[in-house]
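Note sheet for the following structure.
The values are calculated or read from the model by the stated rules, or taken from the named source; none is laboratory data. What you see is a predicted model, and the numbers here were worked out from it, not measured in a lab. Virtual Cβ from ideal backbone geometry, glycine too; neighbours counted across all protein chains shown.
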Amino acid sequence: MSTRSVNGSVDALLEIRDLRVEYTRDTGAIRVLDGVSLAIHPGESLGVVGESGAGKTVLVRTILGLLDPPWRVVSGSVGYQGENLLAQPESALRRVRGKEIALTTHEPRKHLNPVATIGDQMARVVQAHRSASRTEARARAIELLRVVGIPDPELRLRAYPHELSGGMCQRVVIAMALAHSPKLLMGDEPTAGLDVTISLQILDLMRDLVRDFHSSLLLVSRDLGVVAHYCQRVAVMYAGQIVEVAEVPAFFAGAIHPYSRRLLRAAVAATSDRRGTLSSVGIRGEGRGASCPYARRCPVWIERCTREEPPLELVASARWVRCFRHAEITAGLEAP
Amino acid sequence: MTARVLRSVTSEARHLARFSRSRPGFLVGLGMVALTIFLAAFGPHLSPYGPEETLPGAANLPPSVEHWMGTDISGMDVFSRVIAAPRIDLTIALVSTAAAFVGGVVLGVISGFFAGGRGIWGRLSATIVRGADIFQAFPVFIFALALVGFRGPSIQNVIVALAFLNVPFFLRLTRGAVLHVRERPFVDAARCVGGSGLRIAFVHVMPNALTPALANLSPTIGFSILLASALSFVGAGVPIPTPEWGSMIAIGAPNMMTGQWWTALFPGLALGLTILGYALVGDGLRYYLDPVNRR
């Protein structure tokens, strides 16, 4: 799958094109997604990384059509099986959510209804997309809990969310997400708030299940190490834009976009000293006009970056970068 | 399973017992509530004389061994009537409060869950709230009086009037809770797996938003008893020979001037203590159900 493009490949499972999303308020709109294009292929694991506010979560929610006012989709499309999900009515989206595309999030316990038992909630998920009797639904729930490695699933069915640990809750949420063998599983930082050993168990589980179910995985994470280990491709987001898309080995061998390079250096530096960290100047694209959103923080910016917005260019096979100086950087330009 | 339920019930009972010791008012209220329920069930059978029986030549007798609370102007035993009255008063209060609770919660969930939305449900939500506003713009008692006057004084009409009156209170309490609950992540999660709006509203949001309405049940019952009596007092409620506290006060009130204080005082005391009891229970329950105070 090395030579497929970001845009317009024929066999993409999900194809996002030039997506623009705004958060509207009285004093004007904030552009949160600014021309995002991304394709997810069948069977692949794609990691999306970026700092807080880069638009990762909004991207995931837009795919499922979960944005309510004041959020507004300005333009763009989310192509799935020949249909633009953004143009579908709510009733059609309901048939996609949970059945074709499923989502697991961080804080799993908060995503479970506190006054209903695990069994009831799982049975409802099963019955949401298929006619099943109560007994059938419960049997399926037990089966799913066993798949995600919960011991004594029959007992756990009677438990309430507060009686389970965070890791257990995340397993339950994953079991629910897999109830209808979705073609695409999205994880929005599924391991935030879990300790390291549990995180790895959960990620291993997601990877194995995605493989067994022949699904694709979209993994949103801040942890480059996680992406390196569990994904085949990585997309870096900054200020609502995709600034670099690459295959994982190539990316970790040498990122091209200045932001990606600093991100990588920061991940290494975090274990030694604070060299290579970023100043946290606001990254919002408000009033930026036509310029590179990263120009203000970029160590290698040139005058052109403040006048024009760089396009996302194909710079090598399966490698897309949004920077005017990508050729120089590839040729060996080092940031000061 | 049974053992689990039993264990949780006994631990809850222990908790309640500990709680009651720290709030004696709650226990007193519970006692009074229990007494009214007991009298509603058995009062008419326990009364020494028939509650509607007039004793010839025994009008306006002061309290004595034969007539603990005296007799009224038409020779009916006040004590017999005071303990027979909860059957009427409590029925009115319970039925009207239950109806108001159901109606208020359903409307509250709809109006809260779809508040600020667009389309038909959003408009329905706004309409419900505006409707409640208009409803509550009228003074409560005048409104009940008008409703009963319009349909004629009878027990059923008092129930209907009180039910209508109490709907907006439950509606607002539930709506407020729903506005809070609908922002919680599990509601989002329900959408993520493909749940429809109405289903999410009633299956996921409602059970998490019932507490304020439940805590309001007991004070509303007390308030309804008061209002039912007030309606009867002005002659718009329960027709006269039926034993009912409000109408008994109405019968006795003119005699207070001529010295027969007992005909109005005792039903008045019973009414006041009952309402106090329900208010104390409601107050206690609100503290009891509040997780912050639950330690």
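Condition (residue is in contact with a Pro (Cβ under 9 Å, 6 or more places away or on another chain), under 18 Å from B:Leu179 (Cα atoms) and in a helix (DSSP H, G or I)) applied to the range B:89-104: is it met by at least one residue? Looking for residues that are in contact with a Pro (Cβ under 9 Å, 6 or more places away or on another chain), under 18 Å from B:Leu179 (Cα atoms) and in a helix (DSSP H, G or I), one finds at least one in the range B:89-104, hence yes. A Cβ distance below 8 Å, combined with a sequence gap of six or more or placement on separate chains, defines the contacts here; from the range B:109-127, residues that are within 14 Å of chain A (Cβ to nearest Cβ) and surrounded by 20 or more Cβ atoms within 10 Å (Cβ to Cβ) reach residues that are at pLDDT below 85 and assigned to a helix (DSSP H, G or I) in the pairs B:Phe113/B:Gly197; B:Phe114/B:Gly197.
Examine the range A:205-217 for a residue that is closer than 21 Å to A:Lys110 by Cβ and surrounded by fewer than 21 Cβ atoms within 10 Å (Cβ to Cβ), and state whether such a residue exists. Outline the logic, then answer.
Let us first name the residues in the range A:205-217 that are closer than 21 Å to A:Lys110 by Cβ, namely A:205-206.
Subset that is surrounded by fewer than 21 Cβ atoms within 10 Å (Cβ to Cβ): A:205.
Yes - at least one qualifying residue is present in the range A:205-217.
Residues of the range A:78-87 that are touching a residue at least 60 places away in the same chain (Cβ under 8 Å) and either touching a Ser or Thr at 6+ places or on another chain (Cβ under 6 Å) or farther than 17 Å from A:Gly240 by Cβ (or both): A:Gly79, A:Tyr80.
Which fully enclosed helices (runs of 4 or more DSSP H) of the range A:21-136 have 1 or more residues being more than 13 Å from chain B (Cβ to nearest Cβ) and of a type outside the set (A, V, I, L, M)? Talk me through it step by step, then tell me what you get.
Working: elements: A:56-63, A:90-96, A:118-128.
So the answer is A:56-63.
In the range B:198-247, what residues are free of Cβ contacts under 8 Å to residues at least 60 places away in the same chain, buried (at least 24 other Cβ atoms within 10 Å of the Cβ) and within 14 Å of another protein chain (Cβ to nearest Cβ)? Of everything in the range B:198-247, just one residue is free of Cβ contacts under 8 Å to residues at least 60 places away in the same chain, buried (at least 24 other Cβ atoms within 10 Å of the Cβ) and within 14 Å of another protein chain (Cβ to nearest Cβ), namely B:His204. On the given criteria, is B:Leu273 part of a helix (DSSP H, G or I), surrounded by fewer than 20 Cβ atoms within 10 Å (Cβ to Cβ), in contact (Cβ under 8 Å) with a residue 40 or more places away in the chain and within 18 Å of the chain's Cα centre (by Cα)? Answer is yes for this residue.
For the range A:164-179, the condition of being crowded, with 18+ Cβ neighbours inside 10 Å, of a type outside the set (D, E, K, R) and without any contact (Cβ under 8 Å) to a residue 24 or more places away in the chain holds for at least one residue. Taking the listed residues B:Ala279, B:Ala236, the one that is touching a Pro at 6+ places or on another chain (Cβ under 8 Å) and in a loop (DSSP other than H, G, I, E, B) is B:Ala236, with no other qualifying. The criterion of being more than 14 Å from chain B (Cβ to nearest Cβ), in contact with a His (Cβ under 7 Å, 6 or more places away or on another chain) and either crowded, with 24+ Cβ neighbours inside 10 Å or over 30 Å from A:His326 (Cβ atoms) (or both) holds for A:Val236. Does the range B:27-48 contain any residue that is closer than 28 Å to B:Ile251 by Cβ, modelled with pLDDT under 80, in a loop (DSSP other than H, G, I, E, B) and not acidic (Asp, Glu)? So far as the range B:27-48 goes, yes, one or more of its residues are closer than 28 Å to B:Ile251 by Cβ, modelled with pLDDT under 80, in a loop (DSSP other than H, G, I, E, B) and not acidic (Asp, Glu). State whether one or more residues within the range B:253-269 are farther than 24 Å from B:Leu165 by Cα, crowded, with 24+ Cβ neighbours inside 10 Å and of a type outside the set (Phe, Trp, Tyr). Yes, that holds for at least one residue. Taken together, B:Val238, B:Val292 contain a single residue that is at pLDDT below 85 and under 17 Å from B:Leu162 (Cα atoms), which is B:Val238. Could you go through the range A:117-137 and let me know if any residue there is crowded, with 18+ Cβ neighbours inside 10 Å and over 20 Å from B:Arg191 (Cα atoms). No: zero hits. Within this structure, B:Ser80 fails the test of being over 20 Å from B:Leu265 (Cα atoms) and of a type outside the set (A, V, I, L, M, F, W, C). With respect to the conditions (1) under 18 Å from the mean Cα position of the chain (by Cα); (2) modelled with pLDDT under 90; (3) away from every other protein chain (no Cβ under 14 Å), A:Glu247 lacks only one, and its number is (2). When the range B:55-74 is filtered for residues that are closer than 26 Å to B:Ile225 by Cα and surrounded by 17 or more Cβ atoms within 10 Å (Cβ to Cβ), the ones remaining, listed by number, are B:His67, B:Met69, B:Gly70, B:Thr71, B:Asp72.
Residues checked against (1) touching a Ser or Thr at 6+ places or on another chain (Cβ under 6 Å); (2) within 13 Å of chain B (Cβ to nearest Cβ):
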site: A:Ala159; (1), (2): no, yes
site: A:His180; (1), (2): no, yes
site: A:Gly193; (1), (2): no, yes
site: A:Asp204; (1), (2): no, no
site: A:Val210; (1), (2): no, no
site: A:Leu217; (1), (2): yes, no
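Being surrounded by fewer than 16 Cβ atoms within 10 Å (Cβ to Cβ), out of contact with any helix residue (DSSP H, G or I) (no Cβ under 6 Å at 6 or more places or on another chain) and free of Cβ contacts under 8 Å to residues at least 24 places away in the same chain is a description that applies to B:Phe138.
Just give me the residues in the range B:182-197 being surrounded by fewer than 22 Cβ atoms within 10 Å (Cβ to Cβ), more than 7 Å from every other protein chain (Cβ to nearest Cβ) and not charged (D, E, K, R), in sequence order. Selection gives B:Val187, B:Gly197. Annotation: B:Gly152 fulfils all but one of (1) surrounded by 23 or more Cβ atoms within 10 Å (Cβ to Cβ); (2) more than 13 Å from chain A (Cβ to nearest Cβ); (3) free of Cβ contacts under 8 Å to residues at least 40 places away in the same chain; the unmet one is (1).
Hey, can you tell me all the residues within the range A:313-333 that are assigned to a helix (DSSP H, G or I) and exposed (fewer than 14 other Cβ atoms within 10 Å of the Cβ)?
Taking the range A:313-333 as the starting set, the residues that turn out to be assigned to a helix (DSSP H, G or I) are A:326-330.
Residues satisfying the conditions are A:Ala327, A:Glu328.
Residues are listed down the side, and each one gets a yes or a no for (1) aliphatic (A, V, I, L, M); (2) at positive phi; (3) surrounded by fewer than 24 Cβ atoms within 10 Å (Cβ to Cβ); (4) in contact with a Leu (Cβ under 8 Å, 6 or more places away or on another chain):
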{"residue": "A:Arg222", "(1), (2), (3), (4)": "no, no, yes, no"}
{"residue": "A:Val226", "(1), (2), (3), (4)": "yes, no, yes, yes"}
{"residue": "A:Ala250", "(1), (2), (3), (4)": "yes, no, yes, no"}
{"residue": "A:His257", "(1), (2), (3), (4)": "no, no, no, no"}
